[in-house]
Structures are given as C-alpha cells and as structure tokens.
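Asker: Before I ask anything, here is the structure I am working with.
The values are calculated or read from the model by the stated rules, or taken from the named source; none is laboratory data. What you see is a predicted model, and the numbers here were worked out from it, not measured in a lab. Quick reminder, even Gly has a Cβ in these numbers, built from the backbone with ideal geometry, and neighbours come from all protein chains shown.
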Amino acid sequence: MLHTWFECKVKYVKVDENSGKEKKVTEPYLVDAVSFTEAEKRIYEEMQTMIRGDFQVTNIRKSDYADLFPNFPGDRWYKCKVSHLSIDESAQKEKKVTSHMLVMADNVRDAYDHLMEGLSDMVVDFQVVSITESPLMDVFPYEADGAFVEKNDAEKEDAEL
C-alpha cells in the first residue's frame, strides 16, 4: 500500500476548554493525497465539517511516513522511528535504513505494542529507535466507503469503469 502523506497546518479560532475563551491556534493534520493540490482540497473538505467559522490552511508539506497503524479507540498519534540494515549490492556495504511510522495509541507502551504487532510479518531484523507523541490532531487516509483502501485498488476500479 503506497501512500503519499501531506502535513497540513490549519489556523483557526478555538474555544479553550478550560477558560472558555477564544484563542487562535495552528494545528497540524495529516492527509493522504496524490498531490499538493489534492491535499489542499481534502484538508479544506475535512476542516469544513469540523470547524465552525473561518479557518486558513497556512502550510502544506510532504511527510515521510512509511506506514500508518490506526488502532481505535486510541486517542493520540505516536511517531515511531524504526531502522534496519540493508546491503548495498554495488558497494558491498551495510547501510542503515530508517523509516518513520505513525501508530494510534493511548500511551507510549500501547504504541510500542501496536507497532510490534503491525511489523510482526517483517522479514528483516529491525530496531525501534524512538517513539514520541506526535502533535498531529488527526489523520485523514484515502478512504472509500469509510474503509482504508489501497490507491492501486481504487485506480483498478476506475480503469474497469
């Protein structure tokens, strides 16, 4: 499953849950899209259903997440850095390859457990380098009928029509 993730920063006025006062916030969201243009369109569509009033998308950048492990009912996203050794055939040298993954969990321990479960079929030895709580407020994967879908499957369906 190949995804292209874009981190979108959204600025809007939010009511503080503790004080009840309005304050301006800029929050990051992650969107699965094929281009910057589609990412912008999708984040506007998602935010219109979540935010009352005006908002502004202040930044869109590509993210390098290799995989995503949603684990509902987890309430936070954790960024996991995983590395493994690969052999460079032409230079006959070992090379360290690092990947970033997102795991939804309630705490770091759950994130680790869900990551290990998600990577259980990995055939190479790997090392979990770090797990940190992500600032991401939400993640919007490419979906069809509410389910995670591989883009290649969606493209095949379009070709058949």
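Asker: Are there any pairs with C-beta distances below 6 angstrom linking a residue in segment 77-95 that is within 12 Å of Y65 (Cα to Cα) to a residue that is of a type in the set (V, I, T) and assigned to a strand (DSSP E or B), with the two at least 6 apart or on different chains, and if so which?
Answerer: Pairs that qualify, where the first residue is within 12 Å of Y65 (Cα to Cα) and the partner is of a type in the set (V, I, T) and assigned to a strand (DSSP E or B), are Y78/V103; Y78/I131; K79/T132; C80/V103; C80/I131; K81/V129; V82/V128.
Asker: Output the qualifying pairs, or none if there are none: Cβ atoms under 6 angstrom, residues six or more apart or on different chains, first residue in segment 123-152 and closer than 23 Å to R109 by Cα, second residue basic (K, R) and at pLDDT 95 or above.
Answerer: Listed by first residue and then by second, the contacts come to V129/K81; S130/K81; T132/K79; S134/K79.
Asker: Is it the case, given these coordinates, that V31 is modelled with pLDDT under 95, out of contact with any Pro (no Cβ under 7 Å at 6 or more places or on another chain) and in a strand (DSSP E or B)?
Answerer: no
Asker: Looking for something modelled with pLDDT under 95 and in contact with a helix residue (DSSP H, G or I) (Cβ under 6 Å, 6 or more places away or on another chain) - is there at least one such residue anywhere in segment 131-138?
Answerer: Among the residues of segment 131-138, not one is modelled with pLDDT under 95 and in contact with a helix residue (DSSP H, G or I) (Cβ under 6 Å, 6 or more places away or on another chain), which makes the answer no.
Every residue, every condition in (1) assigned to a strand (DSSP E or B); (2) modelled with pLDDT of 85 or more; (3) under 25 Å from M50 (Cα atoms), yes or no:
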site: K81; (1), (2), (3): yes, yes, no
site: I87; (1), (2), (3): yes, no, no
site: A91; (1), (2), (3): no, no, no
site: L102; (1), (2), (3): yes, yes, yes
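Asker: Sticking with this structure for a sec: Taking the conditions exactly as written (acidic (D, E) and either at pLDDT 80 or above or under 15 Å from the mean Cα position of the chain (by Cα) (or both)), does D113 satisfy them or not? Step through it out loud before you land on a result.
Answerer: Working: acidic (D, E): yes; either at pLDDT 80 or above or under 15 Å from the mean Cα position of the chain (by Cα) (or both): yes.
So D113 fits the description; yes.
Asker: Of all residues in segment 15-49, count the ones that are within 19 Å of L136 (Cα to Cα) and in contact (Cβ under 8 Å) with a residue 12 or more places away in the chain.
Answerer: Final tally of qualifying residues: 18.
Asker: If you scan segment 34-58, which residues turn out to be of a type in the set (A, V, I, L, M, F, W, C), under 15 Å from the mean Cα position of the chain (by Cα) and in a helix (DSSP H, G or I)?
Answerer: Filtering segment 34-58 for residues of a type in the set (A, V, I, L, M, F, W, C) gives 34, 36, 39, 43, 47, 50-51, 55, 57.
Filter once more, so that each one left must be under 15 Å from the mean Cα position of the chain (by Cα): 34, 39, 43.
Matches in segment 34-58: A39, I43.
Asker: Can you name the residue in segment 4-24 that is at pLDDT below 95 and of a type in the set (V, I, T) and is also farthest from K62 (Cα to Cα) among such residues?
Answerer: Here the residue is V15.
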